[in-house]
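*Asks:* What follows is a structure written as structure tokens; I'll ask about it next.
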Amino acid sequence: MTTKMSLPYYISWSKQNAVATLPIASNRDCTMILEDGQELLDLSGISFQAGFGLNNPVILKSMQEQISSNLSLCSPKAQFQLKDEMAQKLINLVGFEGKVFWTVSGAESVENALKMIKLATGKHKILARKRSYHGATMGALAATGDWRHDPFFPEGSDTIRIPEPSDDPDLTKTRDLISQHGPENIAAFIIETVTGGNGVWVLPTSWWQGIQDLCDEFDIKLIVDEVVTGFYRTGKAMGFHHYPVKPDVVCMAKAITGGFAPFGAVWTAPWIAKHFEDNILACGLTNYGHPLGLAALSGVFKLIEDPAFHVRLKENIEIFNQKLNQIENHQNIKAIRKLGLLGIIEHKGKITFEEYQKVGLFVYNHEGDAILSPAMTMQPSELSDGLDKLIKVICEKSM
């Protein structure tokens, strides 16, 4: 990365007077090509969204065809075939009957999910983890537990912080919190299926069963945040498919278009859809159900409905597991957590982004640890070679 002191635009999540930028010239397959000609293999899907590579011809063709049609822009209230088809495909992918609300990002998916669940239940409190990130809009930040929450909600919000699973494996403390605040005031839990940017925490099946049991007992609804984990990132269509839960709301974005268009969606259970038949849905966006986002989604479905995709995905998951398992007990490694093609390698020391860049890798750096979410469509040999380079850096780094 290069440091630029004065840019005519902001760089996100950074102090602007010493921000590092990455001078990109172009992309090829799963490789970023910098202005100086250096090539970086993307092992993190940029920020999780590039699940199908950086230049996917199937998704791009779907978008190009939509641009060339007579419907590349329309009213958010418009009804057309592509919109109908993509909604039904999403419902089928989630695996339960329901209805879809379209958005333009993961934060907007969470934002509207929270609004809809509060409107439909008449309750306003939300249960959420401290180790979480749900988006940068105000409602999503209220649910978020990491450092981005605090500047905007110094005195708290309607969010109730539940203990981390490691501190409350049988959910006794969480049950006490529900009793303390009153289940009649609590609308829902909101939980990332696997925590992404805050450390890839894969939660026990027993904990998820406990969450579902509490929902059933106290009539508390369940929102699962699948922004990072949806669309086969974890090896299944949705991350929650690994667990014994039946959500009321599912938030989606990122890989919903492979990152090629700003887009997202919220699946809601039939009881929510029924509520809004006779009650105003006080939610909406100018670019709701945008044809180009829908076209990109149609390209994603073309990919994931192809049996060849699942063969490639399985092979890549096997490589991913094999490579990470072989260094699990290395003296430099503090911990490795993974599910599907999503993982983190915690180093006992700290490795910088630049150290990975020197060997031709783009790696999401979380407090000196490597978060990995390579493209599911990456060539297996390319993934293997990239992980070998990553492992070499990790194992040779002094602590």
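The values are calculated or read from the model by the stated rules, or taken from the named source; none is laboratory data. What you are looking at is a predicted structure, and each value in this text was computed from that prediction instead of being measured. Here the Cβ positions follow ideal geometry from the backbone for every residue, glycine too, while neighbour counts run over all protein chains shown. Accessible surface is based on the protein model in full, side chains and every heavy atom, while ligands, DNA and RNA are left aside. Shrake-Rupley method; radii C 1.70, N 1.55, O 1.52, S 1.80 Å.
*Asks:* For a quick check of your reading of the model, give me the residue pairs whose first member lies in segment 317-331 and is open to solvent by less than 60 Å² (accessible area, probe 1.4 Å), whose second is assigned to a loop (DSSP other than H, G, I, E, B), with beta-carbon atoms closer than 7 Å and at least 6 apart or on different chains.
*Replies:* 317/235; 317/340; 317/341; 320/341
*Asks:* Return the total of residues in segment 172-192 being touching a residue at least 40 places away in the same chain (Cβ under 8 Å) and out of contact with any strand residue (DSSP E or B) (no Cβ under 8 Å at 6 or more places or on another chain).
*Replies:* The total comes to 1.
*Asks:* Being open to solvent by 30 Å² or more (accessible area, probe 1.4 Å) and either outside any loop (DSSP other than H, G, I, E, B) or more than 19 Å from residue 66 (Cβ to Cβ) (or both) is the filter here; which residues of segment 277-303 pass it?
*Replies:* 277, 278, 279, 280, 281, 282, 284, 292, 302
*Asks:* Now a separate question. Take the conditions over 30 Å from residue 191 (Cβ atoms) and either surrounded by 18 or more Cβ atoms within 10 Å (Cβ to Cβ) or hydroxyl-bearing (Ser, Thr, Tyr) (or both) and apply them to residue 116. Does it pass?
*Replies:* For residue 116, the condition - over 30 Å from residue 191 (Cβ atoms) and either surrounded by 18 or more Cβ atoms within 10 Å (Cβ to Cβ) or hydroxyl-bearing (Ser, Thr, Tyr) (or both) - is not met.
*Asks:* For segment 263-275, how many residues meet the condition of being open to solvent by 10 Å² or more (accessible area, probe 1.4 Å) and in contact with a helix residue (DSSP H, G or I) (Cβ under 7 Å, 6 or more places away or on another chain)?
*Replies:* Final tally of qualifying residues: 1.
*Asks:* Right, here's the next one. Taking the residues in segment 56-113 that are open to solvent by 80 Å² or more (accessible area, probe 1.4 Å), of a type outside the set (S, T, N, Q) and part of a loop (DSSP other than H, G, I, E, B) as candidates, determine which candidate is farthest from residue 261 (Cα to Cα).
*Replies:* Selected residue: 97.
*Asks:* Look through 24, 46 and report the one residue that is modelled with pLDDT of 95 or more, open to solvent by 30 Å² or more (accessible area, probe 1.4 Å) and more than 22 Å from the chain's Cα centre (by Cα).
*Replies:* 24 is the lone residue from the list that is modelled with pLDDT of 95 or more, open to solvent by 30 Å² or more (accessible area, probe 1.4 Å) and more than 22 Å from the chain's Cα centre (by Cα).
*Asks:* Here's a follow-up. Criterion first (within 16 Å of residue 135 (Cβ to Cβ) and over 23 Å from the mean Cα position of the chain (by Cα)) does residue 179 satisfy it?
*Replies:* no
*Asks:* Check whether at least one residue in segment 376-394 is open to solvent by less than 30 Å² (accessible area, probe 1.4 Å) and part of a loop (DSSP other than H, G, I, E, B), and report yes or no.
*Replies:* Yes, that holds for at least one residue.
*Asks:* Related question: Conditions: (1) over 24 Å from the mean Cα position of the chain (by Cα); (2) surrounded by 13 or more Cβ atoms within 10 Å (Cβ to Cβ); (3) in a loop (DSSP other than H, G, I, E, B); (4) not polar (S, T, N, Q). Residue 350 meets all but one. Number of the miss?
*Replies:* For residue 350, the exception is condition (2).
*Asks:* Could I ask something else about it? Please go through segment 358-375 and pick out each residue that is over 23 Å from the mean Cα position of the chain (by Cα) and open to solvent by 60 Å² or more (accessible area, probe 1.4 Å).
*Replies:* 358
*Asks:* Also, I was wondering about something else. Can you confirm whether segment 218-225 contains a residue that is loosely packed, with under 14 Cβ neighbours inside 10 Å, out of contact with any Asp or Glu (no Cβ under 7 Å at 6 or more places or on another chain) and not aromatic (Phe, Trp, Tyr)?
*Replies:* Yes, some residue in segment 218-225 is loosely packed, with under 14 Cβ neighbours inside 10 Å, out of contact with any Asp or Glu (no Cβ under 7 Å at 6 or more places or on another chain) and not aromatic (Phe, Trp, Tyr).
*Asks:* Now a separate question. Restricted to segment 198-255, and to residues that are polar (S, T, N, Q), modelled with pLDDT of 95 or more and under 23 Å from residue 44 (Cα atoms), which residue is nearest to the chain's Cα centre (by Cα)?
*Replies:* 229
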